[in-house]
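Each value in this text was obtained by applying a stated rule to the coordinates, not by laboratory testing. Note that the structure is a prediction, hence the values are computed from the model and not measured. Every residue, glycine among them, receives a Cβ derived from its backbone with ideal geometry; neighbour counts consider all protein chains shown.
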Amino acid sequence: MTRFATGLIPVCAAALVLAGCSSAPPVNAGAPKGAKERKKAPDFALKDSTGQTVRLSDYKGKVVLLNFWATWCGPCKIEIPWFMEFEQKYKDRGFAVLGVAMDDEGWEIVKPYVERLKVNYRVMVATEEVDNAYGGVESLPTSYVIDRDGNVASRHVGLVSRSIYEQEIENLLESGRGKK
């Protein structure tokens, strides 16, 4: 193999990892939709690692970052530390991160993973019903930023910039001042 080909392999591998964990191109919805254009995020009831039921509707009044991810997804591994920081930084302002793991092995693989990373937000394992309610999550990571009224402000497929998430969260927290 030539030096060119040898050097090209790591570059191509990195590009694939950064693009997301599927063949679908990354989708960045950009700035959050105007409040009147937003649609209700599908509610769900899933168990977290402690066995407690988590409902999206329980978070009405908060800005929520709902992240579909998997333990084997490279871009997800990049985002999780960001989301842990967001949880810490914004939780007192009416913000929460909810993680929905898409691993086929379920809690057997997810629970040790979140414990090892010391994930500070609630994590659940997806069901087929939740996957279908969100249009069939075909690419990971897929994240939804949800406003205080439970409406989808933006959707991101694939790895997007940390600053995009921060800007959206800040804007939604500011626009909902006084609401909790």
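Values computed for the structure shown
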| item | result |
| --- | --- |
| Proxy reagent accessibility, fewest Cβ within 10 Å first, across Thr53, Thr142 | Thr53, Thr142 |
| Residues whose placed amide H lies under 5 Å from that of Ala41, excluding near-sequence neighbours | Asn151, Val152 |
| Residue order, fewest to most surrounding Cβ atoms within 10 angstrom, among Met84, Met124 | Met84, Met124 |
| Backbone HN-Hα couplings from phi across the stretch 89-103 [Karplus 6.51/-1.76/1.60, Hz, Gly and Pro as x] | 5, 10, 4, 6, 9, x, 10, 8, 9, 10, x, 10, 7, 9, 5 |
| Proximal charge balance of Thr50 [Cβ under 13 Å; K/R count +1, D/E count -1] | +1 |
| Relative contact order of the stretch 46-180, defined on C-alpha pairs under 8 angstrom at six or more residues apart (%) | 34 percent |
| Modelled FRET efficiency - R0 22 Å, Gln88 with Ile109, Cβ distances, 0.05 increments | 0.30 |
| Whole-Hz couplings from phi, Karplus 6.51/-1.76/1.60, listed for the stretch 68-78; x for Gly and Pro | 8, 8, 8, 5, 8, 8, x, x, 4, 5, 6 |
